[in-house]
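Here, each number is a calculation from the coordinates, and none is a lab measurement. Note that the structure is a prediction, hence the values are computed from the model and not measured. A quick note on method: Cβ atoms are made from the backbone with ideal geometry, for glycine too, and the neighbour counts reach across all protein chains shown.
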Amino acid sequence: MANYTRLTDTISSKEGKAYITINGVNRELFEISSITASLELNVQERQMLGHRMTQHKIIGAGGKGSMTMYFMNSEFLDIALEYMKKGNYKNISVQIKNEDSQSSVGTQEVVLRNVIFSTIPLATLDDSSDEPITVDTDFTFDDIDVLSRFDLPQNYR
């Protein structure tokens, strides 16, 4: 078998699902339009005695992401109100599953823990648009669990 990347093994960004868990209650994140999450490594930079090149060392990491969702659920409004009135921000996890049945690489599924959304949608109107209302928000997270990982493509095994 020839070793090259096959288009059928790439993962379509439209395939997969996301779930949200708020205070232990799990549901499909049906209002999601797009989501991305990544780790940003904190790198210390220092030039050491006797060495002319600047050296680098990883000293930590931070989780960041962004999400676009359709404006069709008041649950995030309830979370915001609970925080505003009582100072309690609910424990939120987001589980993201990338799975494309055409691909031989299988599934990758991660859980983002202690998610904090930067923007909570309250209300929006726009007389110049016929499109569904969407809201963009950035978020942070403090921990990650990996439930499944991609395999090598079939022609590389």
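Couple of notes before you dig in:
- Rounded to the nearest 20 debye, the dipole size of the chain about its Cα centre is 860 debye, using +1 on the Cβ of Lys and Arg and -1 on the Cβ of Asp and Glu.
- Spatial separation of Cα centroids for the stretch 5-39 and the stretch 101-149, in angstrom: 7 Å
- Extension gain for the segment ASN42 to GLN102, taken as residue separation times 0.36 nm less the Cα-Cα distance, is 17.9 nm to one decimal.
- Value of Rg to Rh for the chain (Rh from inverse mean 1/r over Cα pairs, i.e. Kirkwood): 1.08
- Per-residue Cβ neighbour rank within 10 angstrom, fewest leading, ASP126, ASP145, ASP9: ASP126, ASP145, ASP9
- Take the Cα of MET72, go 7 Å toward its beta carbon, and the backbone nitrogen atoms of the stretch 28-45 under 11 Å from that spot belong to 30-33.
- Once you divide the Cα radius of gyration of the stretch 11-101 by 2.2 N^0.38 Å, the number left is 1.60.
- Summing +1 for each Lys or Arg and -1 for each Asp or Glu among the other residues whose beta-carbon sits under 12 angstrom from that of MET53 gives +1.
- A simple count of charges around ASP100, restricted to other residues whose Cβ falls under 10 Å of its Cβ and scoring Lys, Arg +1 and Asp, Glu -1, yields -2.
- Largest GNM mean-square fluctuation among LYS14, LYS90, LYS57, using the chain with Cα springs under 10 Å: LYS57.
- Using a Gaussian network model of the chain in which every pair of alpha carbons under 10 angstrom is joined by a spring, one finds that among ARG113, ARG52, ARG27 the greatest mean-square fluctuation is at ARG52.
- Extended-chain gain in nm, criterion 0.36 nm per residue less alpha-carbon gap, ILE116 and GLU82: 10.9 nm
- Dipole of the chain computed with +1 at Lys/Arg Cβ and -1 at Asp/Glu Cβ about the Cα centre; of TYR70, ILE58, SER38, farthest Cα towards the positive end is ILE58.
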